[in-house]
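Participant: Sending over a structure as C-alpha cells; questions will come in a sec.
The values are calculated or read from the model by the stated rules, or taken from the named source; none is laboratory data. Predicted model only: the values in this text are computed from it and were never measured. Cβ placement follows ideal geometry from the backbone for every residue including glycine, while neighbour counts extend to all protein chains displayed.
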Amino acid sequence: MKRYDINIENLVKNYGYSRVIDNLQLTVKGGEFFTIYGPNGAGKTTLLKILSTLTKPNAGKVSVGDYDITKEVYEIRRIIGFVSHNDFLYENLTAYENLEFFSSLYDVQNREKRIKELLEQMDLIKRSDDLVRNFSRGMKKRLTIARSIVHNPGIVLFDEPFSGLDQKAIATFLSIVKDLKSEHRTVIITTHNIGYVLPLSNRIGIMNRGKIMHIEEYSDSFEYNVNDKYEKICG
C-alpha cells in the first residue's frame, strides 16, 4: 500500500461571514491513524470535505503526497476514500450493484473479485443480492466503507462514523477499521466519542473553533487525561 503524507498550511474556509477553518496547520504522515477529537461546530466535517475535494478552501495550501488539492482533484480522489454522513448509496440497487457501479467509476481491475472480497470483509456476502433500502443502518455503514475503498485508496477519511450505530454495529465497525490500519492505510477519523478509537490512534488532535489546538501521541497517560485536556481547550 503506497503511503501519502497530508500537509496543511494556513488553511482557511469561510461560509459567508463565518470562519469555519481558521489558519489551520496539520501534517499527517502516510500510514498514520490520526483521530480528530472535538465538539460539534469545531470544523471537523468541513476539514474532511476539503481533504476529500468536496469543498474548496478560501485560502491556504493542502497537499496529498505530491498533489495539490485545488489543482489535481482527479488524482487525489483516486487515492482517497471518504465515509461521511451521506452514504452515497443507491437504495434501489443491491449491495453488489452499488459496488459494481462505484468500481466502474474508478476503472477497478478484476472488478468481480474485488467486490466479492469487500463483501466478505464487510460480512455482507450473504446479502449481496438484497436491495440496500432493506439494510439496517449498520449494514449501510459497512457497505459505505466498502464503497469508499473499492478503488483501494491509500487514505480513508471517516466523519463521525459512530453516529446512530448500536453497540453491535460499533463493534463490527471497529473491527473493520482495525483491518484498515493493519493494511497500513492512512486513516483520519473525526469524532466527539473519543473512547471508541483512542487505543487505535497513533496521534490525537483536539480541534475547536476551526483550529487544531493540541496534538499528542497516544499513551496511557494521554488516555487518562484526555477529558481534562478536552475541557480546558473546548469547555
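Participant: Looking for whichever is of a type outside the set (A, V, I, L, M, F, W, C), under 17 Å from the mean Cα position of the chain (by Cα) and farther than 13 Å from Asn152 by Cβ here; the options are Lys140, Lys71, Lys116. Which one fits?
Facilitator: When all the criteria are applied, what remains is Lys140.
Participant: Still on this structure, please answer the following. Looking at the range 20-72, which of its residues are touching a His at 6+ places or on another chain (Cβ under 9 Å), part of a loop (DSSP other than H, G, I, E, B) and buried (at least 21 other Cβ atoms within 10 Å of the Cβ)?
Facilitator: Gly38, Ala42
Participant: Taking the range 179-194, which residues are more than 24 Å from Thr46 (Cβ to Cβ) and not in a loop (DSSP other than H, G, I, E, B)?
Facilitator: Those that are more than 24 Å from Thr46 (Cβ to Cβ) and not in a loop (DSSP other than H, G, I, E, B): Asp179, Lys181, Ser182.
Participant: Okay, next question. Considering only residues that are at pLDDT below 95 and out of contact with any helix residue (DSSP H, G or I) (no Cβ under 7 Å at 6 or more places or on another chain), which ones fall in the range 186-196?
Facilitator: Residues satisfying the conditions are Thr191, His192, Asn193, Gly195.
Participant: Separate question: Can you name the residue in the range 195-213 that is part of a strand (DSSP E or B) and either over 15 Å from Val28 (Cβ atoms) or of a type in the set (Val, Ile, Thr) (or both) and is also nearest to the chain's Cα centre (by Cα) among such residues?
Facilitator: Result: Ile204.
One line per residue, one yes/no per condition, for (1) assigned to a helix (DSSP H, G or I); (2) among the hydrophobic types (A, V, I, L, M, F, W, C); (3) in contact (Cβ under 8 Å) with a residue 12 or more places away in the chain:
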residue	(1), (2), (3)
Leu89	no, yes, yes
Phe102	yes, yes, yes
Lys126	yes, no, no
Lys140	yes, no, yes
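Participant: Cβ-Cβ below 9 Å, separation at least six or inter-chain, first residue in the range 222-235 and closer than 18 Å to Gly41 by Cα, second of a type in the set (Lys, Arg) and not in a helix (DSSP H, G or I): which pairs?
Facilitator: Qualifying pairs under 9 Å: Cys234/Arg209.
Participant: Is the range 78-88 home to any residue that is surrounded by 18 or more Cβ atoms within 10 Å (Cβ to Cβ), under 18 Å from Leu11 (Cα atoms) and either within 12 Å of the chain's Cα centre (by Cα) or not hydroxyl-bearing (Ser, Thr, Tyr) (or both)?
Facilitator: No, there is no match, as no residue in the range 78-88 is surrounded by 18 or more Cβ atoms within 10 Å (Cβ to Cβ), under 18 Å from Leu11 (Cα atoms) and either within 12 Å of the chain's Cα centre (by Cα) or not hydroxyl-bearing (Ser, Thr, Tyr) (or both).
Participant: From Ile36, Ile8, grab the single residue that is under 19 Å from Ser163 (Cβ atoms), under 17 Å from the mean Cα position of the chain (by Cα) and modelled with pLDDT of 95 or more.
Facilitator: Answer to the check: Ile36.
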